[in-house]
1. I need a count of the residues in segment 12-38 that are open to solvent by 20 Å² or more (accessible area, probe 1.4 Å) and farther than 29 Å from residue 135 by Cα.
2. Can you give me the number of residues within segment 325-334 that are of a type in the set (Lys, Arg), free of Cβ contacts under 8 Å to residues at least 60 places away in the same chain and buried (at least 17 other Cβ atoms within 10 Å of the Cβ)?
3. Could you tell me whether any residue of segment 1-11 is of a type in the set (Val, Ile, Thr), loosely packed, with under 15 Cβ neighbours inside 10 Å and modelled with pLDDT of 95 or more?
4. Which residues, taken from segment 5-29, are within 32 Å of the chain's Cα centre (by Cα) and of a type in the set (Gly, Ala, Ser)?
5. Of the residues 130, 154, 190, which single one is farther than 19 Å from residue 250 by Cα and in a helix (DSSP H, G or I)?
6. Pairs needed: first member in segment 112-128, under 16 Å from residue 3 (Cβ atoms); second member anywhere, modelled with pLDDT of 95 or more; C-beta distance under 6 Å; at least 6 residues apart or different chains.
7. Among 175, 147, 140, which is the only one that is crowded, with 20+ Cβ neighbours inside 10 Å and in contact with a helix residue (DSSP H, G or I) (Cβ under 6 Å, 6 or more places away or on another chain)?
8. What pairs can you find where one residue is in segment 254-274 and in contact (Cβ under 8 Å) with a residue 24 or more places away in the chain and under 15 Å from residue 138 (Cβ atoms), the other is open to solvent by less than 50 Å² (accessible area, probe 1.4 Å) and of a type in the set (D, E, K, R), and their Cβ atoms are less than 9 Å apart, with a gap of 6+ or different chains?
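The values are calculated or read from the model by the stated rules, or taken from the named source; none is laboratory data. Values in this document were obtained by computation on a predicted structure and should not be read as measured data. Quick reminder, even Gly has a Cβ in these numbers, built from the backbone with ideal geometry, and neighbours come from all protein chains shown. Keep in mind that these areas ignore ligands, DNA and RNA; they rest on the heavy atoms of the full protein, side chains included. Shrake-Rupley method; radii C 1.70, N 1.55, O 1.52, S 1.80 Å.
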Amino acid sequence: MKFSVGIDWATQAHAVCILDQTGRLQWQGAVPHTADGLAALLARLRRIRRRGPLRVALERPSGLLVDTLVAAGLEVVPIHPNALKASRPRYSAAGGKSDPGDAFILADLLRTDGHRFPALRPPSDDTRALRALVRGRDALVAQRVALANQLRALLERFWPGAVAIFADVDSPIALAFLSRYPTPHSAARLGAKRLAQFLGQHSYCGRRPVPALLARLRSVPVSQVGEAEAEASGDVVRALVAVLSPLVAQLQQLSAALEAALPQHPDGPLLQSLPRSGAVNAAQILAELGDDRARFPTAEQFAAEAGLAPVTHASGQHHAVVFRWACNKRLRRAVTTFADNSRHASRWAALVYQRARTRGCRHQHAIRILARAWARILWRCWQDRAPYDVSRHRAAQALAAA
């Protein structure tokens, strides 16, 4: 006899439901998210598995609970939350929701429609390590952007010159400048000689000469805030700089770790062969793409997962094509970023983008069209484990011969 298990995961306790192949309830309860609780769950599932094959359904494909189940040799089937949500009216017309009820629906969906949901295939350790680096770096980048925006908004209110002097307010030289001169009063006597000395101490790249930097600092409007408010704002600037400076340094170290880890991955050189992919962007694509070739049997499925294929609503005389919201948003961001960069290195990519713009598409839409075209090529290279070769790209060769 076959058994289906549904688990509605949570941070404190997981609701569990076990059904046999006829839909009869075998066990239902809650398991605490502790070492003893998970051990008891595994022991119960092993006892059930002695009586017949067993599959476990959850709403997520990763996490400590999923890793524990996979490590125990259990077959885990991730079911998208949208599929669970759409199935609730099938079991209750009142629209109620509960954790035990969701666990039951997951188990019953797996029992009746299990053939529609593929089992989870855990990625290799190399891919998991790369994914940890990529996602950790992306999260820190989001924090850096938020803090930099907060710092920029503060400076534009009481000292706009500090924003204008350097290109990026969160660059190392800009943070060093703000650490030394956090208020307009502290930079009141800053002249060409002192600025040149400061830039030399902090190894400024010399992109702009000292007079040009001073002109940027002095040409902006003068703030009218009072002295007390300026000093208080200076304290906030010091605090933001104290948080941003080590964050920027750690991001540089994570980027270096990514650049070192990518070539060690079996598919790393494949992604790096794409025009102007870059180490960080290639790692972002590979971390979400994974190494399970059976995950995307067709290029269309890969494009849908990446959010590059629109959704069609057709019924009778009604026909509409809309943006795809349900997708792997990290993968979409990574592939569209690559597509945007590729048009500066590939004549074919630039032509695809330009044709979309000529048809009236906005920049974002044109980039998605180009990313959709790249998705076919990327999928083919990934399936064949072959680096991108422009000599085998027929469209690019036809354009070169024209």
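1. Of the residues in that region, 11 qualify.
2. The initial filter retains those residues of segment 325-334 that are of a type in the set (Lys, Arg), namely 329-330, 332-333.
Then drop every residue that is not free of Cβ contacts under 8 Å to residues at least 60 places away in the same chain, which leaves 329, 332-333.
Next, from what is left, pick out any that are buried (at least 17 other Cβ atoms within 10 Å of the Cβ): 332-333.
Counting residues in segment 325-334 that are of a type in the set (Lys, Arg), free of Cβ contacts under 8 Å to residues at least 60 places away in the same chain and buried (at least 17 other Cβ atoms within 10 Å of the Cβ) gives 2.
3. We begin by selecting, within segment 1-11, every residue of a type in the set (Val, Ile, Thr); these are 5, 7, 11.
Cutting the leftovers down to loosely packed, with under 15 Cβ neighbours inside 10 Å gives us 11.
Still in the list and also modelled with pLDDT of 95 or more: none.
No, the conditions are met nowhere in segment 1-11.
4. Those that are within 32 Å of the chain's Cα centre (by Cα) and of a type in the set (Gly, Ala, Ser): 6, 10, 13, 15.
5. Working: 130 fails: farther than 19 Å from residue 250 by Cα; 190 fails: in a helix (DSSP H, G or I).
Only one candidate passes the filter, namely 154.
6. Within 6 Å, the pairs are 117/77; 117/79; 119/75; 119/77.
7. On the way: 147 fails: crowded, with 20+ Cβ neighbours inside 10 Å; 140 fails: crowded, with 20+ Cβ neighbours inside 10 Å.
Step by step, each of 175, 147, 140 is checked, and only 175 is crowded, with 20+ Cβ neighbours inside 10 Å and in contact with a helix residue (DSSP H, G or I) (Cβ under 6 Å, 6 or more places away or on another chain).
8. That search, which allows pairs on different chains as well, returns 254/137; 255/137; 257/137; 258/137.
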